[in-house]
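Visitor: This is the structure, below, for whatever I ask next.
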Amino acid sequence: MTPRKVALITGAGTGVGAATALLLAGKGYDVLVNYSRSEAEAEQSAAACRTAGADALVVQGDVAAEADCRTLAEAALARWGRIDALVNNAGVSVFGEAAKWEALNAEVFQRVLAVNTLGTFQMVRACVEALKRVRGCIVNVSSVAGALGVGSSMPYIASKGAVNAMTLHLARALAPAVRVNAVCPGLITTRWFVRGMGQEGYEAGLKGYEAGVPLGRACSADDVAEAVAWLVDGAKTVTGELLLLDSGMHLGGVQGRR
């Protein structure tokens, strides 16, 4: 077993996952960078982690497939002999016309749930025994959608609501050996939102969001990564927390911002 701690991060080729991998690499973690489709970006993410002093392993896998989840855990254990942190970041949604009532068939709904909710469960199941051995932690990258019932689509809202409930259950079930928390960002300034909403829709959505939240700004990928890294590496007495990273959106709007 390596003396360095190890983080397994799903969806770590771009955005929040890549930012989290790099931040944890800088804190002394070796990292498994998982990707589903963004191979080139995942290799770039891993290269940045190596530059920061970490050993980094890139592994393709779809968290909706149980066998892929097992493969990710086994790859980390074969390389380093331990898993100290599992960051469940991989996620999908539907936007625009595909998110409207008449377009939401069972196939669309099930795919979102398969990645966001079932994928989170399957990754926990694949890693839990290794996490227990080192008194590790799990951070689920959820969404304010799951806490407030607003978001890109009904399947996404439902999937993240389930992740939040599962986080609370797992925090009880795995204590004291494993801490389990979730971060719940609002709008994030990443290409995931741009691709989903289109450039024009994203810019309008960002403008409206920042005008309506008390802090007047959306999250960056680095903002979310900092919260994840704190829950992984610093929050030793925190478990069962759903940390809202929404610039105060949950407060219900702006009242006399200065």
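The values are calculated or read from the model by the stated rules, or taken from the named source; none is laboratory data. Every value quoted in this text rests on a predicted model; they were computed, and no experiment measured them. In this analysis, Cβ positions are derived from the backbone assuming ideal geometry, glycine residues included, and neighbour counts consider all displayed protein chains. Areas reflect the complete protein model, heavy atoms only, side chains present, ligands, DNA and RNA absent. Shrake-Rupley method; radii C 1.70, N 1.55, O 1.52, S 1.80 Å.
Visitor: Please find, within region 64-93, the residue that is farthest from residue 136 (Cα to Cα) out of those that are aliphatic (A, V, I, L, M) and open to solvent by 10 Å² or more (accessible area, probe 1.4 Å).
Guide: Top of the filtered list is 92.
Visitor: Could you tell me which of the residues 40, 21 is crowded, with 23+ Cβ neighbours inside 10 Å and of a type in the set (A, V, I, L, M, F, W, C)?
Guide: After ruling out the rest, the residue left standing is 21.
Visitor: Outside any helix (DSSP H, G or I) and either among the small types (Gly, Ala, Ser) or within 30 Å of residue 77 (Cβ to Cβ) (or both), is that true of residue 116?
Guide: Against the criterion (outside any helix (DSSP H, G or I) and either among the small types (Gly, Ala, Ser) or within 30 Å of residue 77 (Cβ to Cβ) (or both)), residue 116 does not qualify.
Visitor: To continue, here is another question. Tell me whether region 214-231 contains one or more residues that are more than 17 Å from the chain's Cα centre (by Cα), β-branched (Val, Ile, Thr) and under 27 Å from residue 83 (Cβ atoms).
Guide: No.
Visitor: What is the residue count in region 46-99 for residues that are farther than 19 Å from residue 163 by Cβ and either within 16 Å of the chain's Cα centre (by Cα) or not hydrophobic (A, V, I, L, M, F, W, C) (or both)?
Guide: 14
Visitor: Could you list, in sequence order, all residues of region 37-58 that are in a loop (DSSP other than H, G, I, E, B), modelled with pLDDT of 95 or more and over 20 Å from residue 82 (Cα atoms)? Lay out the reasoning, then the answer.
Guide: Looking only at region 37-58, we keep the residues that are in a loop (DSSP other than H, G, I, E, B), and these are 37-38, 52-55.
Checking the rest, the ones that are also modelled with pLDDT of 95 or more come to 52-55.
Result: 52, single match.
Visitor: A further question follows. Take region 216-229 and flag every residue that is open to solvent by 30 Å² or more (accessible area, probe 1.4 Å) and modelled with pLDDT of 95 or more.
Guide: The answer is 222, 223, 226.
Visitor: Of the numbered conditions (1) touching an Asp or Glu at 6+ places or on another chain (Cβ under 9 Å); (2) surrounded by 17 or more Cβ atoms within 10 Å (Cβ to Cβ); (3) not in a helix (DSSP H, G or I), residue 135 fails exactly one; give the number of that condition.
Guide: It fails just one condition, (2).
Visitor: Taking region 43-63, which residues are surrounded by fewer than 16 Cβ atoms within 10 Å (Cβ to Cβ) and among the hydrophobic types (A, V, I, L, M, F, W, C)?
Guide: Of everything in region 43-63, just one residue is surrounded by fewer than 16 Cβ atoms within 10 Å (Cβ to Cβ) and among the hydrophobic types (A, V, I, L, M, F, W, C), namely 47.
Visitor: Answer yes or no as to whether residue 216 is in contact with an Asp or Glu (Cβ under 6 Å, 6 or more places away or on another chain) and either of a type outside the set (Phe, Trp, Tyr) or part of a helix (DSSP H, G or I) (or both).
Guide: Answer is yes for this residue.
Visitor: Also, I was wondering about something else. If the requirement is being in contact with a helix residue (DSSP H, G or I) (Cβ under 6 Å, 6 or more places away or on another chain), over 15 Å from residue 119 (Cβ atoms) and not charged (D, E, K, R), which of these qualifies: 40, 64, 47, 54?
Guide: None of the others qualify; the one that does is 54.
Visitor: If you go through region 146-169, how many residues are free of Cβ contacts under 8 Å to residues at least 24 places away in the same chain, part of a helix (DSSP H, G or I) and in contact with a helix residue (DSSP H, G or I) (Cβ under 8 Å, 6 or more places away or on another chain)?
Guide: Residues that pass the stated criteria total 2.
Visitor: Still on this model: Can you tell me which residue among 111, 79 is farther than 30 Å from residue 27 by Cβ, modelled with pLDDT of 95 or more, of a type in the set (Lys, Arg) and in a helix (DSSP H, G or I)?
Guide: Within the list 111, 79, the selection yields 111.
Visitor: Got a sec? Which of 213, 232 is open to solvent by less than 30 Å² (accessible area, probe 1.4 Å), modelled with pLDDT of 90 or more and either acidic (Asp, Glu) or within 20 Å of residue 148 (Cβ to Cβ) (or both)?
Guide: Among 213, 232, only 213 is open to solvent by less than 30 Å² (accessible area, probe 1.4 Å), modelled with pLDDT of 90 or more and either acidic (Asp, Glu) or within 20 Å of residue 148 (Cβ to Cβ) (or both).
Visitor: Identify, from the list 58, 31, the residue that is of a type in the set (Val, Ile, Thr) and farther than 25 Å from residue 143 by Cβ.
Guide: On the way: 31 fails: farther than 25 Å from residue 143 by Cβ.
Every option except 58 fails the conditions.
Visitor: Next question, about the same structure. Restricting to region 170-186, and then to whatever is part of a helix (DSSP H, G or I) and open to solvent by 40 Å² or more (accessible area, probe 1.4 Å), can you tell me which residue is farthest from residue 247 (Cα to Cα)? Reasoning before the result, please.
Guide: Let us first name the residues in region 170-186 that are part of a helix (DSSP H, G or I), namely 170-174.
Now drop any that are not open to solvent by 40 Å² or more (accessible area, probe 1.4 Å), which leaves 172-173.
Working: 172: 28, 173: 31 Å.
Checking each candidate, the answer is 173.
Visitor: Residue 125: open to solvent by 60 Å² or more (accessible area, probe 1.4 Å), assigned to a helix (DSSP H, G or I) and closer than 28 Å to residue 5 by Cα, yes or no?
Guide: Taking the combined requirement at face value, the residue satisfies it.
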